[in-house]
Amino acid sequence: MKKQLIAAGAAAALFALTACGSSNYEATPVPTKPVPVETPPAPGTLPLKCDNALASYAPDGPLPAPGQFPAGSYMAQIKQRGRLIAGVSADSLHLGSRNPISGDIEGFDIDMVKAVAQALGVELELRVISSPQRLPVLIDGSVDIVARNMTINCDRWSQIAFSAEYYRSGQKSLVPLSSNAKSLNDLPPGTAICTPTGSTSYTNLRKNFRLLKAVTADTDGGCLVLFQQGKVFGISGDDTVLAGDAAQDPYARVIKGERFSDEPYGLGMSKKHPEFVQFVNGVLEQIKADGRWKASYNKWFAADLGPAPAPPKPVYGRVPE
């Protein structure tokens, strides 16, 4: 698939990559067949103990300047390569979606990896991935980092590493504007509700609403298409994603009172490079402190979810295996 070059205009982008040049991304793939569900961990690979899934690796001192990375570190490898490769969504409005005018992929998740690329002093290459591909592309080394509204949990820690929490979402549901439902419990048994394949949203839906019919799609956008085609009655997922769906469909609404999970988002990375996770955690601390995190939130979410809350506080204490 031929890569295209994203022009990173300093005035237009929230996180202009002054030393990073430009960003590249591949064209959004059109799914032709169902994508397999995330591969479950092999027997014996789960951590013996996971007291707190949110615990990540503490930064190792002050954030180093671009190019001043320890020899042999993964940051030095990325710097030598000249670009950070990030797996992202291109169809989740406000999180990671393609701007129909500029063609750029933009959103809150994109701002997070732009900040990492800027701190590394490299360009940013965006690779569009589906929800079920988030773990496999990190395990096989296709990407350096994944920023695709991924929930931190112990099962995933057995296969990949996470940054400290960078956003706290929660699962809600979207239904037709004409529906009087105040909860998914108000819907008749067998009502079809869509969630992305391989997501915690699917697990939560099956756990909390067993009488409903859980339908999956490869992407968040795929669920919206099924909803608009009348093939499912509603969509259940992270409030950030549903806010974007409702913004695209005037005949849809998010059920406001019902939130049945907490979804702490983390940036995914390989377990092979804990020093890179420590570096990314240092970047997240920096953008939370200097106002860039708040500015990004207000740009993408404030209109639908209200003013920016305080950014999530990092939790550390995990020791590299």
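Tell me whether the range 234-248 contains one or more residues that are within 30 Å of Y316 (Cα to Cα) and among the small types (G, A, S).
There is at least one residue in the range 234-248 that is within 30 Å of Y316 (Cα to Cα) and among the small types (G, A, S).
Go through the range 57-90 residue by residue and tally those that are crowded, with 23+ Cβ neighbours inside 10 Å and part of a strand (DSSP E or B).
4
Within the bounds of the range 241-252, is there any residue that is open to solvent by 20 Å² or more (accessible area, probe 1.4 Å), touching a strand residue (DSSP E or B) at 6+ places or on another chain (Cβ under 7 Å) and in contact (Cβ under 8 Å) with a residue 12 or more places away in the chain?
For the range 241-252, residues open to solvent by 20 Å² or more (accessible area, probe 1.4 Å), touching a strand residue (DSSP E or B) at 6+ places or on another chain (Cβ under 7 Å) and in contact (Cβ under 8 Å) with a residue 12 or more places away in the chain: present.
Of the residues that sit in the range 38-56 and are charged (D, E, K, R) and either open to solvent by less than 60 Å² (accessible area, probe 1.4 Å) or closer than 20 Å to L267 by Cα (or both), which one is modelled with the highest pLDDT?
D51
Restricting attention to the range 129-138, does a residue exist that is aliphatic (A, V, I, L, M), out of contact with any His (no Cβ under 6 Å at 6 or more places or on another chain) and either more than 27 Å from N153 (Cβ to Cβ) or open to solvent by 50 Å² or more (accessible area, probe 1.4 Å) (or both)?
Taking every residue of the range 129-138 in turn, none turns out to be aliphatic (A, V, I, L, M), out of contact with any His (no Cβ under 6 Å at 6 or more places or on another chain) and either more than 27 Å from N153 (Cβ to Cβ) or open to solvent by 50 Å² or more (accessible area, probe 1.4 Å) (or both).
Tally up the residues in the range 183-203 that are surrounded by fewer than 19 Cβ atoms within 10 Å (Cβ to Cβ), modelled with pLDDT of 95 or more and either in a helix (DSSP H, G or I) or out of contact with any strand residue (DSSP E or B) (no Cβ under 7 Å at 6 or more places or on another chain) (or both), please.
Residues in the range 183-203 being surrounded by fewer than 19 Cβ atoms within 10 Å (Cβ to Cβ), modelled with pLDDT of 95 or more and either in a helix (DSSP H, G or I) or out of contact with any strand residue (DSSP E or B) (no Cβ under 7 Å at 6 or more places or on another chain) (or both): 5 in total.
Okay, residues lined up against (1) farther than 21 Å from A217 by Cβ; (2) over 15 Å from the mean Cα position of the chain (by Cα); (3) outside any helix (DSSP H, G or I):
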| residue | (1), (2), (3) |
| --- | --- |
| V241 | no, no, no |
| G244 | no, no, no |
| F276 | yes, yes, no |
| F279 | yes, yes, no |
| G282 | yes, yes, no |
| E285 | yes, yes, no |
| Y297 | yes, no, no |
| P307 | yes, yes, yes |
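Taking G291 as the residue in question, decide whether it is open to solvent by less than 70 Å² (accessible area, probe 1.4 Å) and either within 17 Å of the chain's Cα centre (by Cα) or closer than 17 Å to A55 by Cβ (or both).
Answer is no for this residue.
Test V113 against the criterion of being in the same structural domain as Y297 (by TED's automatic domain parsing), crowded, with 21+ Cβ neighbours inside 10 Å, of a type in the set (A, V, I, L, M, F, W, C) and not in a helix (DSSP H, G or I), and give yes or no.
Answer is no for this residue.
Taking P311, is it open to solvent by 60 Å² or more (accessible area, probe 1.4 Å), of a type outside the set (D, E, K, R) and assigned to a loop (DSSP other than H, G, I, E, B)?
no
What's the number of the only condition in (1) within 13 Å of the chain's Cα centre (by Cα); (2) at pLDDT below 95 that A147 fails to meet?
For A147, the failing item is (2).
Might you check whether a residue that is more than 28 Å from R127 (Cα to Cα), open to solvent by 10 Å² or more (accessible area, probe 1.4 Å) and either touching a helix residue (DSSP H, G or I) at 6+ places or on another chain (Cβ under 8 Å) or in the same structural domain as C223 (by TED's automatic domain parsing) (or both) occurs anywhere in the range 143-164?
No; the residues of the range 143-164 include none that is more than 28 Å from R127 (Cα to Cα), open to solvent by 10 Å² or more (accessible area, probe 1.4 Å) and either touching a helix residue (DSSP H, G or I) at 6+ places or on another chain (Cβ under 8 Å) or in the same structural domain as C223 (by TED's automatic domain parsing) (or both).
When the range 216-239 is examined, which residues are found to be under 10 Å from V175 (Cβ atoms) and within 17 Å of the chain's Cα centre (by Cα)?
S236
When you check V232 against the structure, is it in contact with a Cys (Cβ under 8 Å, 6 or more places away or on another chain), hydrophobic (A, V, I, L, M, F, W, C) and open to solvent by less than 40 Å² (accessible area, probe 1.4 Å), yes or no?
So V232 fits the description; yes.
What residue, of G237, G221, is under 24 Å from M112 (Cβ atoms) and either assigned to a helix (DSSP H, G or I) or of a type in the set (S, T, Y) (or both)?
G221
Among (1) in contact (Cβ under 8 Å) with a residue 12 or more places away in the chain; (2) farther than 23 Å from V143 by Cα, which single condition is V283 missing?
Just one mismatch for V283, condition (2).
The values are calculated or read from the model by the stated rules, or taken from the named source; none is laboratory data. Keep in mind the model is a prediction, meaning the values are calculated, not measured. Glycine gets a Cβ as well: all are built from the backbone with ideal geometry, and neighbour counts include every protein chain shown. These area figures cover heavy atoms from the full protein model, side chains too; ligands, DNA and RNA do not enter into them. Shrake-Rupley method; radii C 1.70, N 1.55, O 1.52, S 1.80 Å.
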